[in-house]
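Note sheet for the following structure.
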Amino acid sequence: MAVTTRDGWALDVIEATLAYFVPRDRSPLADWRDRVAFYARRLVAFHTRELTGQSELRTTVAAEPVRSALAAEELRLGDPTFTFMQTIGEVERTLAFARTRVGFPILIVLSDINWRELDDFWRVRATDAGPIFDGIIAGHHHVPGSPSGGSCATYVPARGVGLALVSADGWRVPYRGSDCVVYHEGIGHAIGLPHPEAADGSVMSHAQYRGELRDSWLAGADKRALGWTPASPPNIAELRVRVEPPVPRPGESIALHCTWPAGARIASGTVAWQCELHGPWTTRPLATGVLPLVLALPAFAAPTPVSYRIAAQLEGGPALDAWGYFQVRIAPDIAPLPGEVSAGEPVAGDVVTVIATRRAGTSDLVVERPGFALTAPGAWFEVDRPTAVAWIVDGAGVRVLCDGRSVEQPRAANGPAPAPDHFVLEELRATSSIERERMKNPAMLART
Ligand SMILES: [Zn+2]
């Protein structure tokens with residue numbers, strides 16, 4: 001029995017073409033080939049395991065990015081379906097997709113943009129009230145998904161092809177489960193697989209929120225519908241990584257706990273990280289001949305997103321890799337924002353921007369930064385919209401500035417100067433939902 005689509009197109013060989021699509025007004029990622037190849041490897045490993053070789057997935061990465069004739073906003077002149085049709089049509093024409101065929105052709109377009117503007121490295125989108133976090137976190141893990149995304153795929157039975165668009169939020173920055181999105185759209189829907197009626201952890205359901213692609217599966221009913229004959233999956237060597245702590249604070253050391261195949265030894269390898277999507281990677285070699293169970297990353301001085309990659313060639317064995325993403329945060333529920341200024345430890349005379357948020361379930365406004373925590377109930381002055389708080393330390397005491405108003409906590413007579421590491425301001429209250437935003441220019445706040 002052969003593996004086929006539901007209406008008989010042979011799937012014994014699937015030829016997936018992965019193309020990186022870049023609007024006219026965008027710059028391609030410098031390492032786009034590495035990123036696309038990472039997904040190609042993950043898809044092949046999963047497909048081979050799940051269909052036990054009865055369907056072979058071959059991948060080809062288009063040699064150059066497909067540069068659109070249109071700018072990002074022109075590709076977004078309609079709904080997400082418009083963006084999908086426009087993008088797929090352009091890439092199909094450019095690559096002469098499926099003019100000749102060997103296996104079942106699938107076009108997987110990995111787009112540089114989303115349906116709506118979204119910074120997928122910081123995971124924020126712009127609003128009238130300033131940038132806000134727009135991502136999904138499951139148990140401290142960043143997982144893919146955003147209403148601004150717009151991934152979409154279709155199986156075209158009349159032509160015997162699959163067409164998939166993975167929007168930027170689904171792949172550019174690999175979060176835990178991004179490879180699930182690329183398989184779900186790029187292979188699953190493209191060969192005609194539906195969503196299951198009852199949600200589960202399978203790849204055509206909620207896999208992207210629960211783990212990596214290798215933690216997921218193709219539903220038995222789907223495999224039987226494709227004509228797959230039950231067989232034992234091959235053993236696949238893998239590297240797993242856990243970030244500890246999962247949400248590091250600025251200044252906190254970070255450990256990548258690694259689980260390697262038993263008995264393996266490293267012939268060569270690297271650990272690398274970046275804090276800007278278009279910025280450089282910092283790369284360190286791995287010690288050879290041993291298996292590092294913990295790889296240390298440096299402490300990051302300021303809140304920031306971090307992408308990391310571990311790559312290792314094992315002695316006499318396979319090449320393994322693990323890619324991931326986390327955010328250094330001043331508190332687990334306070335997302336870093338691009339352009340945020342980080343202050344070192346304050347001294348007298350400094351103007352220090354601090355971050356305000358409302359503690360869940362209370363009316364307390366909590367102001368936090370590394371080494372500082374201000375929590376106080378009561379009436380200070382009303383804060384009723386997203387805002388920023390600053391304080392100024394000088395010989396007279398501490399002056400707190402917010403919304404153009406200020407409150408002073410004078411230095412007690414004959415008392416010590418305010419110690420910059422434990423200010424406790426009393427009677428600070430939030431009257432409505434408080435979010436935080438970067439204070440653009442503390443010096444502009446009026447002194448009253
Ligand atoms: Zn779907």
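Readers should treat all values here as calculations from the given coordinates under stated rules, not as data from a laboratory. Bear in mind the structure is a predicted one, so any value in this text is a computation, not a measurement. Here the Cβ positions follow ideal geometry from the backbone for every residue, glycine too, while neighbour counts run over all protein chains shown.
For VAL61, which sequence-distant residues (separation of 5 or more, or a different chain) have an amide H within less than 5 Å of its own amide H, given hydrogens modelled in the peptide plane?
Amide H neighbours of VAL61: LEU18.
If we restrict to alpha carbons, what Rg and Dmax does segment 240-328 come to, in Å?
Every Cα atom of segment 240-328 included, Rg and Dmax give 13.2, 41 Å.
Points 7 angstrom from Cα along the Cβ direction at ASP7 and GLU117: gap in nanometres?
According to this spin-label approximation, the distance is 4.1 nm.
Quick one: Karplus J couplings for segment 165-173, per residue in order, coefficients 6.51, -1.76, 1.60, θ = phi - 60°, nearest Hz, x for Gly and Pro?
Once θ is set to phi - 60°, the couplings for segment 165-173 become 10, 10, 6, 3, 5, x, 8, 4, 10 Hz.
With charges set only on the Cβ (+1 for Lys and Arg, -1 for Asp and Glu), what does the dipole of segment 177-287 come to about its Cα centre, in debye to the nearest 20?
360 debye
How would you rank 317-324, 149-156, 164-171, 275-282, highest first, on the average number of other Cβ atoms within 10 Å across their residues?
Going by the mean number of other Cβ atoms within 10 Å, highest first, we get 164-171, 149-156, 317-324, 275-282.
Alpha carbon centre of segment 95-116 versus segment 14-87: separation in Å?
Here the answer is 7 Å between Cα centres.
Excluding PRO105 itself, calculate the net charge of residues whose Cβ lies under 10 Å from the Cβ of PRO105, where each Lys or Arg counts +1 and each Asp or Glu counts -1.
+2
Run through segment 155-258 and list the GluC sites (Glu not before Pro) located in a DSSP loop whose Cβ has at most 13 other Cβ atoms within 10 Å.
Passing sites in segment 155-258 are GLU197, GLU252.
If R0 is 25 Å, what FRET efficiency do you get for HIS278 and ARG41 from their C-beta distance, rounded to 0.05?
0.60
Between LEU293 and ASP333, what is 0.36 nm times their sequence separation minus the Cα-Cα distance? Round to one decimal in nm.
So the chain would gain 11.5 nm between LEU293 and ASP333.
Based only on other Cβ atoms within 10 Å, what is the fewest-to-most ordering of LEU95, LEU314?
LEU95, LEU314
What's the FRET efficiency of ARG214 with ARG58 using the Cβ-Cβ distance as r and R₀ = 25 Å, to the nearest 0.05?
The pair ARG214/ARG58 has a calculated efficiency of 0.80.
By DSSP, what percent of the beta bridges with both residues in segment 13-225 are antiparallel, rounded to the nearest 5?
Antiparallel bridges make up about 40 percent of those DSSP assigns within segment 13-225.
If amide hydrogens are placed 1.01 Å from N in the peptide plane, which non-local residues have theirs closer than 5 Å to the one on ILE113?
Hits under the 5 Å cutoff: ALA168.
Nothing charged except the Cβ atoms of Lys and Arg (+1) and of Asp and Glu (-1): what's the magnitude of the dipole of segment 240-328 about its Cα centre? Round to the nearest 20 debye.
80 debye
Identify the trypsin sites (Lys or Arg not before Pro) of segment 213-311 meeting these criteria: DSSP loop state and at most 15 other C-beta atoms within 10 Å of the C-beta.
ARG265
Please work out the ratio of the alpha-carbon Rg of segment 13-225 to 2.2 N^0.38 Å and round it to two decimals.
Relative to the rule-of-thumb radius for its length, segment 13-225 sits at 0.97.
Using amide H atoms built in the peptide plane, which far-off residues or other-chain residues are under 5 Å from PHE104 H to H?
Placed amide hydrogens put VAL13, ILE14, GLU15 under 5 Å from PHE104.
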